[in-house]
Every structure is written in C-alpha cells, then in structure tokens.
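Peer 1: The following block contains the structure, expressed as structure tokens.
The values are calculated or read from the model by the stated rules, or taken from the named source; none is laboratory data. These figures come from a predicted structure and were not determined experimentally. Cβ atoms come from the backbone with ideal geometry, glycine included; neighbour counts cover every protein chain shown. Ligands, DNA and RNA are stripped out before the accessible areas are found, and what is left, the full protein with its side chains, is counted by its heavy atoms. Shrake-Rupley method; radii C 1.70, N 1.55, O 1.52, S 1.80 Å.
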Amino acid sequence: MIAPTGSVPFTTFLYNRHIELGAYMGTYSGWWMPIYYTSAIQEHQAVRENSGIFDLCHMGQFFVEGPKAMEWLNGILTNDLSLLKDSESQYHLILSDSGGIIDDLILYRIGSSSYLLVVNACASEKDYSLLHGYLPFGDVSLIDNRRKWGCIAIQGPTSWNVLKEVFSLDTIPKHTIKKIIFDKEFLYIAATGYTGEEGAELFFPGKIARLLWDRLLEGGKPYGLLPCGLASRNILRLEASLPLNGVDLREDKTPWEAGLSKAVSLSKPYSFPGKAALVLLKDSFQTLLVAFVACEETSPQPKTGSPIFFKGQKCGEVTSGIWSPSLGRTIGMGYVHKSYAIIGNKIEIEIRNKLYPFEIRKKPLYKRPTIHR
C-alpha cells in the first residue's frame, strides 16, 4: 500500500475506511483513491455477477439554482435541457470555442429551477472557472459542493437488492433521480452508472459518507457486494465502451470525432461555446473513436499513444487499452481515420515494437446477454 505524502492535496471522505479495509491506494486526478482491495479481476467479476461498491467522492458536484437556471445552462452545455422533465438526467459536454471537449458530465433536473451537475475530477476546476465566468448577475446561483458532498456508486445485477435492503427503496427508472432521507439527512439516488450494468449513484453530504458506506456493505453481504477500486471500474467502462475524459475525450477532439453526437443539440435556440465550430466541422472531421478487440488471446495490452495501422499505413492511435475478463482478450479504444473506422475492419497495433492484429467492433464491446423466457 502506498502511503500519502504532502504533495497530494486531497483525500476522500472514505480514505481512512479504505485503509482499514486494506485497499491498495494510488493517486488519480490529484486524489488518493482505492485502486483495488483484493484484485481488479475479482472486483470486476463481483460487478458482472453480483454487485460492487465504488467511492466516487472525488467527482465534482455543482448545484445550479434559480428561475433562469435552465436557460443559462442551455447556453453553456451541449444538449437540450428543455427536453427534460423533473427527476430526469441527461448527458452533456462542455466545449472550448473551437469545439474541443473540455469535459463530459451528467446533469440531473431536480426541479424546474434546480439542477445537479456531476463532473469529472480531472476537469472540475476548469469546469467551475468556466461556469463561474458565465454566471449572470442574479437569477442563477452556482453552488460548488466539491469536497462538501460525496458520491458512492453501487453497480451490478444485485445492486437494487442491496438498495432495497438498506433504504426499503424499490427500483427507480433508469436515468432518473430520487430524493430520500438517510440518518436524518437528505441524499439523492440516481439510476445511473459507468459500468454497463444496472445500478445507482448516491450523492450526499460528506459527513454521512462513512456511515452510508458501512451500511451498504453490511446490507450487501447476502448479495455478494464487494468494495471495488478504480482498476476494476476501468475494465468495466472499457468493456461497455464508455469514454474516459482526459484520455479518450480531449480538447483536441470534437464530439463528432468522439462519436458523441447524441450529446449535442445544434437545433436548440441557444448558442453554447463551440457550437459555431461544430457546425463548420460537422462534415469535415477526419478521425473517429472506435472500439477494438484483439484477434489473438495472447496479444498484450496497448498503451495510450500506441500507433494503429491499416494495411501497413498508420491511421491512428490508441487512447485506452486493457485486458477484458468478459471477452478473454485485450480490448480498447482509439482514434482512427474515418475512412478506416468500419466495423469488422482488421487493424494492427504496435506494442513494444511488434504489430498485433485487432478488429474494430461495434460498441459496446460487452453487453449483458438477454435471457429469453
């Protein structure tokens, strides 16, 4: 286990609990986080077969409130908030003026004048500065709850059994959020996640983090719930072909290149940063983010930046790569020239000065099999 030093500024509300549970700790986006408890493979298996619990207190949380909150956010974020009803969520991007991706986030509509934005830790400072810079005088308030509120995710097929055990709460519809009371404090529970499995994310005042974590672990024992670290989460999100900001999503790539047109509304009557650039680039972008799977079980894991070739010609580079327990081989994502970004195309990736065969596959790479009754 790595011991913290003075050079790392932040620990989550659950840091001491992770130490007590024997987690292997490491740094991520300026935070001490559990990388794994037992092993990434065992924790991955728990989420795919039962359920796993993740500390996500490093994520940034902003509340936006006021009678003009929807209009203000619609002039900054890429999707169309006017389509949302109360308690619904929506995927958004924050863009630079040139159309590059600064961050991706989930927005929850608490009410007609109240929204919760959950942003990535690596971009939270930049996000806050940008949002604060656009803040009008009156009508809208931006509440920074970073390091004040926490987040815990429960993911996997038995996750709602655990939540019902702890909160006496029935399953809520996917992509919705609900306010509940726990230990005389209110918190939000949302049917969202980053693993490709059913589950929920809980947002709460930091002072109840340890109590909430322990109560969930205890209630989850009959359902195979395990504490999980970032290593297993990275495998799970890559199997589900979910991009990671700062790695797969970057400021030198647009939503068109990242395949995230679903998060962009050019038709809404609001001009957000990057909108004009996206209109110009819609038919002229050159690369696409694709998912790929190794053709051979023995292929090693490519690193970020590993070159990708098509018929001997370099056509792109890897952004993420990992060994997948679900597929039994290496998988990943990367940007390739759009002429070659075709499902079924055979590519080669250079790993340690040797070329290995891979195939471009449809996203997601893994999806829970449908059981026909």
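Peer 1: Per the Cauchy relation, a quarter of the hull surface: what is the mean projected area of the convex hull of the alpha carbons in the chain, in nm²?
Peer 2: Across all orientations, the chain yields a mean hull projection of 20.1 nm².
Peer 1: Report, in listed order, any pair from Lys311/Lys362; Lys126/Lys207; Lys303/Lys338; Lys164/Lys303; Lys126/Lys367 with a Cα-Cα distance greater than 29 Å.
Peer 2: Over 29 Å apart, Cα to Cα: Lys164/Lys303; Lys126/Lys367.
Peer 1: Can you figure out the FRET efficiency of Glu350 with Asn145, using R₀ = 45 Å and their beta-carbon distance, to the nearest 0.05? It would help to have the intermediate numbers written out before the result.
Peer 2: Values: r = 44 Å, r/R0 = 0.97.
For Glu350 and Asn145, the calculated efficiency is 0.55.
Peer 1: Follow-up question, since we're still on this one. At a Förster radius of 22 Å, what calculated FRET efficiency corresponds to the Cβ-Cβ distance of His132 and Glu71, to the nearest 0.05? Write down the numbers at each step before the final one.
Peer 2: On the way: r = 17 Å, r/R0 = 0.79.
Calculated value: 0.80.
Peer 1: So for the pair Ser267, Thr38, with labels modelled 7 Å out along Cα→Cβ, what separation do we get in nm?
Peer 2: If labels sit at Ser267 and Thr38, their model points lie 4.9 nm apart.
Peer 1: If I take all pairs of Cα atoms in the range 28-93, what percentage of them are more than 20 Å from each other?
Peer 2: Every Cα pair in the range 28-93 considered, those over 20 Å come to 54 percent.
Peer 1: Take the Cα atoms of the range 59-132, find their three principal axes, and give me the spread along each one in whole Å, biggest first.
Peer 2: Principal extents (Cα only, largest first): 29, 24, 20 Å.
Peer 1: Calculate the all-directions average of the projected area of the range 192-276's alpha-carbon convex hull, and give it in nm². If you can, show how the numbers build up before the last one.
Peer 2: Values: hull surface 33.7 nm².
Value for the range 192-276: 8.4 nm².
Peer 1: What number comes out for accessible area per residue over the range 223-352 if the probe is 1.4 Å? Units Å², please.
Peer 2: Computed with neighbouring chains in place, this is 42 Å² per residue.
Peer 1: Defining a contact as two alpha carbons under 8 Å apart and six or more residues distant in sequence, what relative contact order in percent does the range 1-135 show?
Peer 2: 19
Peer 1: Can you give me the Kirkwood hydrodynamic radius for the range 1-156, using every pair of distinct Cα atoms, in Å to one decimal?
Peer 2: Working: mean 1/r = 0.0579 Å⁻¹.
Mean inverse Cα-Cα distance, inverted, gives 17.3 Å.
Peer 1: Leaving out ligands, DNA and RNA, what percent of the accessible area of the chain is carbon and sulfur, probe 1.4 Å?
Peer 2: 52
Peer 1: Same structure again: Give the separation of the Cα centroids, the range 222-292 to the range 31-67, in Å.
Peer 2: 19
Peer 1: Still on this structure, please answer the following. Considering only protein heavy atoms, what per residue accessible area in square angstrom results for the range 78-207 with a 1.4 angstrom probe? Walk me through the numbers before you get to the answer.
Peer 2: Working: 5430 Å² over 130 residues.
Result: 42 Å² of accessible area for each residue.
Peer 1: Taking the Cβ of Val47 as the center, what net charge do the other residues with Cβ under 15 Å away carry, scoring Lys and Arg +1 and Asp and Glu -1?
Peer 2: Result for the local shell: -2.
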